[in-house]
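Only one structure is covered here, and it is reproduced in the block below.
The values are calculated or read from the model by the stated rules, or taken from the named source; none is laboratory data. What you see is a predicted model, and the numbers here were worked out from it, not measured in a lab. Every residue, glycine among them, receives a Cβ derived from its backbone with ideal geometry; neighbour counts consider all protein chains shown. We work out accessible area using only protein heavy atoms, side chains counted, and drop any ligands, DNA or RNA first. Shrake-Rupley method; radii C 1.70, N 1.55, O 1.52, S 1.80 Å.
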Amino acid sequence: MGGWAIAVHGGAGVDPNLPQERQEEAKKLLTRCLHLGISALRSNIPAIDVVELVVRELETDPLFNSGRGSALTENGTVEMEASIMDGPKRRCGAVSGLTTVKNPITLARLVMEISPHSYLAFSGAEEFARQQGVELVDNGYFITEENVGMLKLAKESNSILFDYRIPAAGLESCSAGAAADSPLVMNGLPISVYAPETVGCVVVDSEGRCAAATSTGGLMNKKSGRIGDSPLIGSGTYACDLCGISCTGEGEAIIRGTLARDVAAVMEYKGLDLQGAVDFVVKERLDEGKAGLIAVSRDGEVACGFNTNGMFRGFATEDGFMEVGIWE
């Protein structure tokens, strides 16, 4: 074993015109989360506890798209989802359609540890939250002024269809500003009206135990009831005795490619190392989709891969390596 390691992300698909001030805010948040995880790992806290701790921090800060600061549905409300997985016995828990749970990742962990199930959604998940006494807040807590503005822009641009993959002809019908200012698209949407993405954390502790956690508000202007990759074990989140993975990006493409599980699979079946497995999956399993992922291995390695123009990410290992970045 190579010691502990941690990676965090705040989403793939970054506006190339993102103001420098916002870039620095993102780096500071990622750095803060890394230090939080490093402190916990140095105290020999298990990997599963560390990923929950870090993702709770990301959910509480409105900068990225999870918890407070989540993307808004077509109705102007927030519907959040999250999942968590403990590698040693592949235990997992997931939740979707949350509207009042302050920290969705904690409810996902309770589903894993207390319920007889792996996945609860919508009213059933909310009822379970009330039964377990987790902190609940009004839906308005999650809504930020910035996201209200982004939803308005998305609606005015007519750029969002419910399958999120509009053809080129459809893009021509977008408002001139949205389509012309940013030729980059994700899920068929101009990046300029695409909310910051999913958050996640992967950890291997000093005992070689891997864990992964992912949380999101989903897509801006999404259809109410839409479920993405983040709560789907094997797609957005996966952990086993070999590695832990958290994905971000075009949910529909990640689901089709079962991206997170595929990293572990090619390590096991093709004998690839962690970075080799990540590179293979990003290149071969996304088809025309856009996404990114972070990963750790039981040997204390960290890796990332993405085919977008950027991904908010940070890494640290026991031997002193630490890096925070956005661009390729």
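What the table shows:
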read-out: Whether the stretch 234-306 is rounded, prolate or oblate, judged on the alpha carbon gyration tensor where a/c under 1.5 counts as rounded; value: prolate
read-out: Heavy-atom accessible surface of the stretch 15-170: percent carbon and sulfur, 1.4 Å; value: 51 percent
read-out: Rounded to whole Å, sorted largest first: equivalent-ellipsoid semi-axes of the stretch 30-143, Cα gyration tensor; value: 23, 19, 10
read-out: Reported label for calculated Cα Rg over 2.2 N^0.38 Å given [x] 1.08; [y] 0.91; [z] 0.97; value: [y]
read-out: Extension gain from D287 to R32, taking 0.36 nm per residue of separation minus the Cα-Cα distance; value: 88.4 nm
read-out: Helix 47-60 vs. the chain, principal-axis angle (Cα, 0 to 90°, nearest 10); value: 30 degrees
read-out: The stretch 294-321 versus the stretch 47-76: alpha-carbon centroid distance in Å; value: 19 Å
read-out: The stretch 20-76 - convex hull of the alpha-carbon atoms, volume per residue in Å³; value: 75 Å³
read-out: Stretch in the chain that is longest and holds no chymotrypsin sites (Phe, Trp or Tyr not before Pro) that DSSP places in a loop and that have at most 12 other beta carbons within 10 Å; value: 1-161
read-out: Gain on full stretching of the segment that runs from T60 to D319 - 0.36 nm per residue minus C-alpha separation; value: 90.3 nm
read-out: Relative packing of 149-155, 295-301, which averages over residues the other C-beta atoms within 10 Å, highest first; value: 295-301, 149-155
read-out: 22 Å Cα-Cα threshold exceeded, pairs from K222/K290; K152/K223; K155/K223; K28/K155; K28/K223; value: K28/K155; K28/K223
read-out: Helix 20-42 vs. the chain, principal-axis angle (Cα, 0 to 90°, nearest 10); value: 20 degrees
read-out: Charge context of L41, other residues only, Cβ under 12 angstrom, K/R +1, D/E -1; value: -2
read-out: Set of the stretch 31-51 residues, backbone N closer than 20 Å to the point 7 Å along the Cα-Cβ line of R90; value: 47-48
